[in-house]
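Participant: Next up is a structure, given as structure tokens.
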Amino acid sequence: MNINIWLEKQLLRRVDSVYEKIPQPVPDIKQLRQCKIISHRGEHDNRSVFENTIVAFDRVNAAGVWGIELDIRWTKDLMPVVFHDAGLKRVFGSDININQVTLTELNMHCRLIPALFEVIQKYGKKMHLMVEIKREIYPEPEHQNNVLKALFRSLAPKEDFHFISLRPEMFKLIDFVPSSTFVPSARLNLKRLSDLALTNHYHGIAGHYVLITDALLKKHHLQKQCVGTGYICSKNCLFRELNRGVEWIFTNHAVKLQAICDSIVGIGHGAEGIGQRA
């Protein structure tokens, strides 16, 4: 792991440990009912249940979570699959790189990685899809744009899905949705991406909850844009964000946070979940 990424993760863990201990008032019932929790790569531990897999997404769907964040990569034959990394090493211990094998070959090596069409067919209009566009070379950008256009034709931009990216220049490769479908995701470059979102009339911005200040939140709300914060891992942090008016709650603990909201509101879920919220 890159040393800078490791240091960043250690710092954020310390920040989480502080904020989870700061008591917060319970949000009102309306805020809790409208809470839009987004499961980051599904409910996974990468031991028994792996990230970005059907099993991981099924768990949050059954719990009534509003949305899932998923990543797409392209195979050698230009089929989009749902996976975060360029290669399988971190998650599955394999030396295979996704862009060096066809979809058929990938399925032979690892059946757990779903094609994007499988995820859309199974969860489209059941959960909101936050689809992360990774920075990678698009060898045939027009063809790849058309592939995505065909896959998402049954879904409504903004209502059913958004495209998000740490590299918003990737949005230029997608021309079949309005700019309000795009959401840049910031790390330490929050001001630049915030200005970009406002200038280009994106639907909003996402970033770490500590870095997104109340002033920045207000600026986007004044322009009728939404704000997402992550990665929320505790009740107090969840309540803080809801009380601030944050619309999208990105988290690695979606089932736990959804249960907290539901326990106060008094909602129960069947095996299929409820997915969409008002």
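Participant: Being over 14 Å from the mean Cα position of the chain (by Cα) and among the charged types (D, E, K, R) is the filter; apply it to region 232-249 and report the residue that is most open to solvent (accessible area, probe 1.4 Å).
Facilitator: Restricting to residues being over 14 Å from the mean Cα position of the chain (by Cα) and among the charged types (D, E, K, R), the top hit is Lys235.
Participant: Only one of (1) under 23 Å from Ile249 (Cα atoms); (2) surrounded by fewer than 16 Cβ atoms within 10 Å (Cβ to Cβ) is not met by Phe182, so which one is it?
Facilitator: Here Phe182 meets the rest and fails (2).
Participant: Do you know which residues across region 39-77 are within 15 Å of Leu129 (Cα to Cα) and of a type in the set (A, V, I, L, M)?
Facilitator: Ile54, Ala56, Val60, Val65, Ile68, Leu70, Ile72
Participant: Which members of region 123-161 meet the condition of being among the basic types (Lys, Arg) and either open to solvent by less than 50 Å² (accessible area, probe 1.4 Å) or more than 17 Å from the chain's Cα centre (by Cα) (or both)?
Facilitator: Those that are among the basic types (Lys, Arg) and either open to solvent by less than 50 Å² (accessible area, probe 1.4 Å) or more than 17 Å from the chain's Cα centre (by Cα) (or both): Lys134, Lys149, Arg153.
Participant: Scan region 4-43 for residues that are assigned to a loop (DSSP other than H, G, I, E, B) and free of Cβ contacts under 8 Å to residues at least 24 places away in the same chain and jot them down.
Facilitator: If the condition is that a residue be assigned to a loop (DSSP other than H, G, I, E, B) and free of Cβ contacts under 8 Å to residues at least 24 places away in the same chain, then Asp28 is the only one that fits.
Participant: Looking at Arg73 and the list (1) farther than 15 Å from Gln144 by Cα; (2) in contact with a helix residue (DSSP H, G or I) (Cβ under 9 Å, 6 or more places away or on another chain), which single condition is not satisfied?
Facilitator: (1)
Participant: Oh, and also: May I ask you to list the residues in region 214-231 that are open to solvent by 70 Å² or more (accessible area, probe 1.4 Å) and closer than 25 Å to Ile22 by Cα?
Facilitator: Across region 214-231, the qualifying residues are Asp214, Ala215, Lys218, Tyr231.
Participant: Out of Gly273, Gly268, report the one residue that is modelled with pLDDT under 95, surrounded by 18 or more Cβ atoms within 10 Å (Cβ to Cβ), in a loop (DSSP other than H, G, I, E, B) and over 18 Å from the mean Cα position of the chain (by Cα).
Facilitator: That would be Gly273, the only listed residue that is modelled with pLDDT under 95, surrounded by 18 or more Cβ atoms within 10 Å (Cβ to Cβ), in a loop (DSSP other than H, G, I, E, B) and over 18 Å from the mean Cα position of the chain (by Cα).
Participant: Do we find that Ala206 is part of a helix (DSSP H, G or I) and modelled with pLDDT of 95 or more in this structure?
Facilitator: no
Participant: Going through region 46-98 one residue at a time, which ones are farther than 28 Å from Gln34 by Cβ, free of Cβ contacts under 8 Å to residues at least 40 places away in the same chain, in contact with a strand residue (DSSP E or B) (Cβ under 7 Å, 6 or more places away or on another chain) and open to solvent by less than 10 Å² (accessible area, probe 1.4 Å)?
Facilitator: If the condition is that a residue be farther than 28 Å from Gln34 by Cβ, free of Cβ contacts under 8 Å to residues at least 40 places away in the same chain, in contact with a strand residue (DSSP E or B) (Cβ under 7 Å, 6 or more places away or on another chain) and open to solvent by less than 10 Å² (accessible area, probe 1.4 Å), then Thr75, Val81, Phe83, Ile98 are the ones that fit.
Participant: Of everything in region 165-195, what is more than 30 Å from Leu7 (Cβ to Cβ) and in a helix (DSSP H, G or I)? Give them in sequence order.
Facilitator: Hits for region 165-195 are Lys172, Leu173, Ser179, Ser180, Thr181.
Participant: Looking at this structure, is Ile164 of a type in the set (Val, Ile, Thr), surrounded by 19 or more Cβ atoms within 10 Å (Cβ to Cβ), in contact (Cβ under 8 Å) with a residue 12 or more places away in the chain and in contact with a Leu (Cβ under 8 Å, 6 or more places away or on another chain)?
Facilitator: In short, no.
The values are calculated or read from the model by the stated rules, or taken from the named source; none is laboratory data. Predicted model, so just to flag it, every value in this text is computed and none were measured. Cβ coordinates were reconstructed from backbone atoms using ideal geometry, including for glycine residues, and neighbour counts include every protein chain displayed. Just the protein is used for accessible areas: all its heavy atoms, side chains included, with ligands, DNA and RNA removed. Shrake-Rupley method; radii C 1.70, N 1.55, O 1.52, S 1.80 Å.
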